[in-house]
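The values are calculated or read from the model by the stated rules, or taken from the named source; none is laboratory data. The structure displayed is predicted, hence computed values, not measured ones. Please note: Cβ atoms are built from the backbone with ideal geometry, for glycine as well, and neighbour counts cover all protein chains shown. Surface areas here come from the heavy atoms of the whole protein model, side chains and all, with no ligands, DNA or RNA. Shrake-Rupley method; radii C 1.70, N 1.55, O 1.52, S 1.80 Å.
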Amino acid sequence: MNLTEKLIQSHLVSGEMIAGKEISIKIDQTLTQDSTGTMAYLQFEAMGIPRVKTEKSVAYIDHNTLQTGFENADDHKYIQTVAKKHGIYFSKPGNGICHQVHLERFGKPGKTLLGSDSHTPTGGGIGMLAIGAGGLDVAVAMGGGAYYLAMPKVCKIELVGALQPWVTAKDVILEVLRILSVKGGVGKVMEYCGEGVKTLSVPQRATITNMGAELGATTSVFPSDEVTKAFLMAQDRAEDWIFLEADADATYDEEITIDLATITPLVACPHSPDNIKRVGEIKDLTIDQVAIGSCTNSSYTDMMTVAKLLKGKTVDPDVSLVIAPGSKQVMNMLAANGALADIISAGARILECGCGPCIGMGQSPCTNAVSLRTVNRNFEGRSGTKSAQVYIVSPETAVASALSGKLTNPSELGDAPQVAMPESFMINDNLVIDPAPEGEKVTVVRGPNIQPFPKNTKVSKDITGDALIKVEDNITTDHIMPSNAKLLPYRSNVPYLADHCLTPCDPKFPARAKAAGGGFIIAGQNYGQGSSREHAALAPLQLGIKGVIAKSFARIHMANLINNGILPLVFVNEWDYDTVQIGDTFSIKYAADQIAGAVEGQNVTVILDRTKQEIPTRLNISERQKDILLTGGLLNYTKECNA
Ligand code: MIC
Ligand code: SF4
């Protein structure tokens, strides 16, 4: 077996391991972060389960830490108290980005991790089967329920050779994105193996698995070897290590070989992580801002490299350099060994350990700015400035460019610095609060920003509605439910958020949807790529959206639509996308019967009233998902099953 099959088989609850067929797996650990967590815990509370049934569940606060008003702080208080009551560890604001901290302190090779954040696959860097999902799926897993997914294909990525000086793990994953594109990983696990793996440290592996999310992959995974063992020992967690690798005769659905020695510093150009060029190809790109951090590149070794490169130098006068170390552990070690002083002396602005600029929580660049970031996503407007041009690079390229004021190949800085992995990290978990032994004594605190979330109802006999918007390929959840410093505080207030739904594509969409009393969204390929935010389904639900008809869907968003009872219909004939116009009225006759019959690929016929044309669409869903849709979403379904 390959490693993915081993991890799945050891957790398999139902189904057969045949690619594309629905399986369910036991979840050992969960993580949430604050911007998806509030909703996930409200949903968990709605299930009425007193204490989580996982081996370890952790609630992180890392996204909404600006606290421009009471809203964020209210959500934090809610999460802290609900966590305490129900057996969940609480990582306080300031402790760091969920994925970085989880890798350092809680992740274990061989375990499954389900997180309400799309970059949960970071845990694949230490041999976990770590998957991102919507909040409701994570809530179910906390309650002891299995996680359902389509058995992925496994793509072997064989790494040979070793990286040249100045070439980084970030460049490796950008190379994979160049080869495969943002749709290339859909329905697959990317499994890394080969001699080159041994040359990569755990933080490097985690950078690669983290950004596998941008391929649309279910997850990415590395073996757990001596390098993993050394990392866990340095975290004082030797007992958490086990050896894991694929069998020598393992087979795969697809195979790619990458010679690490041939990779050069790369850059993802605006506005997509797969718009890859070599750094050397782009001449004279003057930059305004550099942001170093995010769950992709904020480890101790990344930050030490940054510090060494900045030591004794000064940031270009026209560049604003902001740096957010990934965790308190990293920040603490930089402070203790003096590296933080080197960073500060060079003129960098130090941000707290959190997501910050990556999700537009502050540090939005100026109009038309060029911003170089070590993040994983450069979707238009995500930085908080619609006209900004965001380029994704490695920390090394980021520093070289911050010093020169232009996009610069780091090799121009001379000899590459050597940063060794520490033999022991600074261990101090005092920002992690244990749950109460007797949860029933804890009172959950709910601020006024926490509003009830919308719930769907059973499918009606006939469904009718207008095409309210028509969008192109690769629409991200940042388009569907934008997140920035102004909107993120309202993650627990779906009615408020709904007024911003899909506004980057069409500012009038929410008003039109409300006036029409709901309807349909028409979309191209890979609709809903990017984040796991369930709000990209909840906000449309609030606006009365009954279905999305698309050429194809991204994995997590499709699951979120189903979990909220919104039909994810796929055009059987892509040319029908061209026929449909905004304002067209659709009807689905005997909807429930059609959905009930729509098992794995059967058609649901949508009638276009203007031409009386029958448009065949497909519901690529399992029997279980069909029942979820018919009952109006996963919460209703779970209640019916338990009744
Ligand atoms: C992101 O990187 O887009 C986020 C913000 O972390 C999201 C989660 C969210 O929207 O809260 C993700 O990746 O799932
Ligand atoms: Fe946070 Fe950015 Fe990572 Fe999302 S991608 S978890 S916003 S750092």
Condition met for Thr228 (under 28 Å from Gln329 (Cβ atoms), buried (at least 22 other Cβ atoms within 10 Å of the Cβ) and over 21 Å from the mean Cα position of the chain (by Cα)): yes
All positions within the stretch 434-455 that are farther than 20 Å from Lys486 by Cβ and open to solvent by 40 Å² or more (accessible area, probe 1.4 Å): Asp434, Pro437, Glu438, Glu440, Lys441, Thr443, Val445, Arg446, Pro452, Lys455
Within the stretch 507-530, work out how many residues are open to solvent by 10 Å² or more (accessible area, probe 1.4 Å), within 16 Å of ligand 2 (Cβ to nearest atom) and either within 27 Å of Ile607 (Cβ to Cβ) or polar (S, T, N, Q) (or both). 1
Looking at Ala420 and the list (1) within 18 Å of Ile343 (Cβ to Cβ); (2) open to solvent by 20 Å² or more (accessible area, probe 1.4 Å), which single condition is not satisfied? (1)
All positions within the stretch 466-488 that are touching a Gly at 6+ places or on another chain (Cβ under 6 Å) and open to solvent by less than 10 Å² (accessible area, probe 1.4 Å): Leu468, Thr476, Thr477
Selection count where residues are closer than 16 Å to Ala141 by Cα and of a type in the set (D, E, K, R), scope the stretch 102-130: 2
Would you say Asn275 is under 24 Å from the mean Cα position of the chain (by Cα) and under 17 Å from Pro410 (Cα atoms)? no
Test: residue in the stretch 90-99 that is open to solvent by 10 Å² or more (accessible area, probe 1.4 Å), more than 16 Å from ligand 1 (Cβ to nearest atom), among the basic types (Lys, Arg) and farther than 28 Å from Gln235 by Cα: no
Of everything in the stretch 100-126, what is among the hydrophobic types (A, V, I, L, M, F, W, C) and either within 14 Å of Tyr89 (Cβ to Cβ) or within 15 Å of ligand 1 (Cβ to nearest atom) (or both)? Give them in sequence order. Val101, Phe106, Leu113, Leu114
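Kindly indicate whether Ala261 is touching a residue at least 60 places away in the same chain (Cβ under 8 Å) and more than 24 Å from Ser294 (Cα to Cα).
Yes, satisfied.
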The stretch 554-575, subset of a type in the set (Val, Ile, Thr) and assigned to a loop (DSSP other than H, G, I, E, B), residue nearest to Asn603 (Cα to Cα): Val572
So Gln594 fits all but one of (1) under 20 Å from Tyr147 (Cβ atoms); (2) over 18 Å from the mean Cα position of the chain (by Cα); what number is the exception? (1)
Neighbours by Cβ (under 9 Å, 6+ apart or cross-chain): first from the stretch 85-114, on the phi > 0 side of the Ramachandran plot; second at pLDDT below 95 and open to solvent by 10 Å² or more (accessible area, probe 1.4 Å): Gly94/Thr65
Among the residues of the stretch 355-362, is any among the small types (Gly, Ala, Ser), on the phi > 0 side of the Ramachandran plot and more than 16 Å from ligand 1 (Cβ to nearest atom)? no
Per the filter on the stretch 199-221, residues within 19 Å of Asn2 (Cα to Cα) and either out of contact with any Leu (no Cβ under 8 Å at 6 or more places or on another chain) or surrounded by fewer than 20 Cβ atoms within 10 Å (Cβ to Cβ) (or both) are Arg205, Thr209, Gly212, Ala217, Ser220
